[in-house]
Each structure stands twice: as structure tokens, then as C-alpha cells.
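What follows is a short report on a single structure.
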Amino acid sequence: MCGIVGIISTQSVTKRILTSLKRLEYRGYDSAGISAIKNRKIERCRAAGKLSNLEQALVKQPISGSIGIGHTRWATHGVPSIENAHPHVSGQVAVVHNGIIENYQQLKEELANDGVTMQTETDTEVVAHLANAYLQAGMQPKEMMQALLSKIQGAFALLIMMAQHPDTLLAARKYSPLAIAYGDDEMFLGSDALALAHLSRKISYFEDGDWAIITKDEAKIFNLKNEIVERPSKITDASNKTPDKGKYAHYMEKEINEQPEVIGYTFASYCSPTTGKITLPKFKFCPSELPKLTIVAAGTSFYAGMVAKYWFENLARIPTEVDIASEFRYRNPVLIKNGAALFISQSGESLDTLMAQRYAKENGQNIISLVNVPESTIARESDTVLKTLAGPEISVASTKAFTTQLVTLLTMAVHWGELRGVLSDREAKKITDNLANLPSLLARVLSDDLDWIGASSELALSQDVIYLGRGVNFPIALEGALKLKEISYIHAEGYAAGEMKHGPIALLERGVPVVMVAPHDEWFEKTSSNLKEALARGARVVLLSDDKGIEKLHEAATWIFRMPRVHPILTPILYSLPVQLLAYHTAKEKGTEIDQPRNLAKSVTVE
């Protein structure tokens, strides 16, 4: 989602703000801008589109100053344009904002009655006008901030800069993440640690309701009650290196190819390669007595939760419910006493998931999070944190974060199955041995000379693609369809293969591609009958299977991708790779923006 950066220093800040914004590009955005104060005047430069456009605009319209704020915007209110780009300026105030001001319409009307004319379509502009009005009325920055925060409603991370107070930055956080980093005679603020790690490794995180007055020497942080509070600082684990594509054309391609390595790291962090013993962080409850597990997530992480439901119920015999984060708290779910709720999020900042987590905590659940960013809000508010070791994932479309989530979830299900006495040591060892060998199988798929481009060139010409899977691989069909939609903009839908005859079969006509996720497992015979139903209606089939499956169905498929044989319980992890590669090569064939697809953001910090 949107990214914000602020720096107050003794030297020019513009170039460093731009560099920090580049480190936030992975979040997704459609315009960008920077403001600085020079000689008690606000200078501003904005551009629609990519940061390269802003960089070019800064060459023509350079700005400088020792205090500045920057922003990458993902449109919520108003079209992507220079006019709607942040920072927004009113009089002596410049503002950048992540989130949504929910009562902006009411505030807009009040400001109009006072003679204020809006210049943009955004909700953020009202913040600038209000702050400026309070300062013009004689308020000092502290009073102004208190008045402003009592007036606005919604989710926000705010940075406010004032021309008549060039030695002060104001900041506030409600739901949207915000971090502060400490330098020598300078301070830095940003949406996350990755934006700041190249400037300073010493970082603190604002808690919900916090706001701050920041100078180059210190940060005074206040809580909701306007009391000064201390927020602990730590040395961040975020890399201070700018993410690099290396030899790859796109971050997504790089991250697909990193999966053998990061899956190996993640599994080794939970299971000793020498003893085979699984070690998980401590839980506040006894897994052997857990009455119910509720899994909540959004997007690709939700599909990881769907796979995990099969694993927890089959391997550990734990009743498991999976819910979409944005729906969870609004349906008043039944949460069993002493139950556990597991929240899955790559960024650890998705607002839907965070609010669902807080709801579960308020309703007495033991809170577990599975995140790729251990310093994130969701992790900090959890009782137990499970970490994936995927490293920074820059491409908006998740790949390595998804498969490392699956590895962690399977390891957890195996361990809990042993603790609950429903999974034998022999079967547990068989699964963990296969998990230990999984990186080499993934590397084999990546190195095999498979015709991804041939199939993808055909998919790129399609208007509709159907993905089918059964059992534990049904969610992989959903994930494959999502990946294709996200980066190629081709309409795709995933279905449980057995449900095709209950409606989706009406979509089939001659030439429609059907991607079958069909390892030779306990569901294979049923899946093969669904494949033949598709063929009878003229579909062209992309078959993802192993030797046994291909032997039975090779004559029926138009394109065949041979996967290594693996323990059936691991097939969702292995078969994630071909659906990612199909989507990637199809998007590459179409020439779409792969790493930053239109309208999408990496971390969705609005509801």
C-alpha cells in the first residue's frame, strides 16, 4: 500500500527521501511526491506513475531542505494523477498520509462552509486544511496535533511538516504502520523498517494511537491519553542493501528461483537436519488439548490457510476453520474457549488481518501469527510468532512467501500430530524426510527443460482460463488462477474439480484452456474423470502431474509438465511452482507490468 518517508536533519534530505521511497516500491503505488522546507517556504514536486517520473521531475524542478517528507500513493479516493498525489499542501502545512480518513466528507463540508476550496479528490487534503486552520488560529504544533487527532476518524499514518516550524516534524499512527529510526543529529520516519534500514538500524515502532513531535535530536512520543511514553528501540533485521534483481528480468522471476534456498532455510529453522526433531516456539496453550484452530488470512495467504486446514485436520485431527480476514469479525464468529487463532500475513501489516487478530484476542483466543516480517505489527501483537525465512519479497505477487508459509504450516501440523498422539513417529519422519529433500526437487523443476513458454504463449491469447484441483491441491488451483489474474490480467477461476459439473462446466467451449493440478494421489482417478469431461467439451488441457499421472493421461493433454514424485502431503508446495511459472511466462508474453501489476499493492493497509 502507500509508502511514507520523513527526514529531519542538518543537511539536504531530498535524495535520501527518494532512495527510501524506492525501497518502498514493492508496496505498490500509482504516483509519488516529495516536499521540503527551504527558507520557511514549502517546496513540492509530484508526478503520476513510477518514481522514475518523479526523479525526472526533480531534475527540472529541484527542491532542497533539511526537513522533508515523501510519499508513494495507491489511489483510494480520486484517480491517480499529479493533482491527487501527496504531499498535500495548505498554507504553511504539508501532509503525507497512508490509510483512509473515514469522516472526510463531513470535514470537507465543514471546511467548505468556512470558505475552503478543495483542490483534489482525496480524503487526505482535509487533514492539511484542518492543520493549517488550527495553526492560523494561533495553536502551537502540540495543540494543533491534539486538536487534529480528536477531529479525524479512520485509519492513518500521518507525517506533517510546517513552514513556520522548520525544525519540527509531526507524526501519528492509527492502524497503519509507522516506524522511527534514530541517527546522529537527524531522525527518520517511514512505513516500515525496510524504508529506513539504509539510514539507521536503530528503530522504534509506533503503537496504535501514538503520535510524536520530532526534532533532529529527539522524538517525544505521546499515547492516546497525550501522555509521554517510551517505545523500545531495537536493531532491525531488515537489510540495509537495496533489493536487486541480479541476473533476472523481474523480481518475481528472482523470487521464484529463490524458493529452493529459502524453503530449505525455513524448514531447517524448525527441524534439525541431524536429529530430525521439530522445535517450534512456545505456545500459551497445550497443542494436545487444543479444541479448535481458526486460521485467518487474505489473498494468497488465505490459500495457504486452506491447504493447512487439510493438514491440521488429517495429521493432527484438530477441528480447523479457515476464514477470509475481511469477513471474519463482521460475521460474529463462534470462537471456542481456549481455542487458538492463527493469522497468516507476508507483511504482517495487512489491516484486514490485523483487525481480525485484535477481534480474536478480545474474544479470548490464543494468538499465533505466521509472518515474513518479524518486526511487523501482527507479529508484535501475537502470543506466539512463527517466522518464514523468505527474505524480502519485492514482487507484489507472492511466491516464495507462500511456499515458505506452507512449509512452516506443514511442519507445525506434523509436530502437533505427534503431540496429540494421532501421527506415528514413523509417518512423521517420512514427511520430514521428504520436506528435507523438497529443495532439491524444486531446483530440479526449475532446471528441467520444460516448455513454459510454449504453453504460456497460448494462454496469453486466451480471455478465460480455468484451474482445477482436488483435495489438498484444490487451493493450489485457486492460487494458480489468482497468480494469472494478478500479473497477466487474464480472467481465470479456480475450482474444486468435482464442482465443475455443478456450474463451471457451462464456461467450457472449444479452445478454453483448463489447467489441471493432478498429482497421482488418492484423488487422481476422480480428477482424471473431470479432465475427460473438459476434453469432451473441446477444452485444451494443461496437465501438471508426475510420471504415473502422465502415463494415464498423456494422450488427453495439450501441454504436459512432468513433476517429480513426492509424498502426497507435500504436493501443494511442489505444485505451487508450476502455477507460478505459468503465470510469470504468460505475463511476460503479454508484456504486462509483472512486479507491480496495476491497481495492486503488496501490503494492504486499508479495509
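The values are calculated or read from the model by the stated rules, or taken from the named source; none is laboratory data. Owing to the predicted nature of the structure, the values given are computational and were not obtained by experimental measurement. Here the Cβ positions follow ideal geometry from the backbone for every residue, glycine too, while neighbour counts run over all protein chains shown. Calculation scope for accessible area: heavy atoms of the full protein, side chains included, ligands and nucleic acids excluded. Shrake-Rupley method; radii C 1.70, N 1.55, O 1.52, S 1.80 Å.
Taking the numbered list (1) more than 28 Å from LYS254 (Cβ to Cβ); (2) over 27 Å from the mean Cα position of the chain (by Cα) in turn, ALA455 passes all entries but (1). Taking region 316-342 as the range and being closer than 30 Å to SER424 by Cβ and either under 16 Å from the mean Cα position of the chain (by Cα) or open to solvent by less than 30 Å² (accessible area, probe 1.4 Å) (or both) as the test, the residues that pass are ALA316, ILE318, THR320, GLY339, ALA340, ALA341, LEU342. The set of residues from region 184-206 being assigned to a loop (DSSP other than H, G, I, E, B) and open to solvent by 30 Å² or more (accessible area, probe 1.4 Å) comprises ASP184, ASP185, HIS198, LEU199, ARG201.
Listed here are the residues, each with its yes/no results for (1) under 35 Å from the mean Cα position of the chain (by Cα); (2) open to solvent by 60 Å² or more (accessible area, probe 1.4 Å); (3) among the hydrophobic types (A, V, I, L, M, F, W, C).
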residue	(1), (2), (3)
ASN530	yes, no, no
ALA534	yes, no, yes
ALA539	yes, no, yes
LEU544	yes, no, yes
LYS548	no, yes, no
LEU553	no, no, yes
TRP559	yes, no, yes
VAL566	yes, no, yes
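In region 87-98, of all residues being open to solvent by 10 Å² or more (accessible area, probe 1.4 Å) and either aromatic (Phe, Trp, Tyr) or touching a strand residue (DSSP E or B) at 6+ places or on another chain (Cβ under 8 Å) (or both), the one that is nearest to LYS41 (Cα to Cα) corresponds to GLN92.
For region 476-518, which residues satisfy the criterion of being in a helix (DSSP H, G or I), out of contact with any Pro (no Cβ under 7 Å at 6 or more places or on another chain), at pLDDT 95 or above and open to solvent by less than 10 Å² (accessible area, probe 1.4 Å)? Passing the criteria: ALA477, GLU479, GLY480, ALA481, LYS483, LEU484, SER488. Annotation: GLU121 fulfils all but one of (1) in contact with a strand residue (DSSP E or B) (Cβ under 9 Å, 6 or more places away or on another chain); (2) open to solvent by 10 Å² or more (accessible area, probe 1.4 Å); (3) among the charged types (D, E, K, R); (4) assigned to a loop (DSSP other than H, G, I, E, B); the unmet one is (1). Residues that are within 28 Å of LYS284 (Cβ to Cβ) and of a type in the set (S, T, N, Q): find the strands (runs of 3 or more DSSP E) completely inside region 360-470 holding 1 or more of those. Ranges flagged: 366-371, 384-387. When residues in region 463-475 are screened for being at pLDDT 95 or above, open to solvent by 10 Å² or more (accessible area, probe 1.4 Å) and not hydrophobic (A, V, I, L, M, F, W, C), 0 of them pass. Among the numbered conditions (1) under 18 Å from ILE160 (Cα atoms); (2) modelled with pLDDT under 95, the only one that HIS88 does not meet is (2). Of all residues in region 491-512, those that are under 15 Å from LYS532 (Cα atoms) have Cβ atoms under 9 Å from Cβ atoms of residues that are among the hydroxyl-bearing types (Ser, Thr, Tyr) and not in a helix (DSSP H, G or I), 6 or more apart or on another chain, in PRO504/TYR495; GLY511/SER462; VAL512/SER462.
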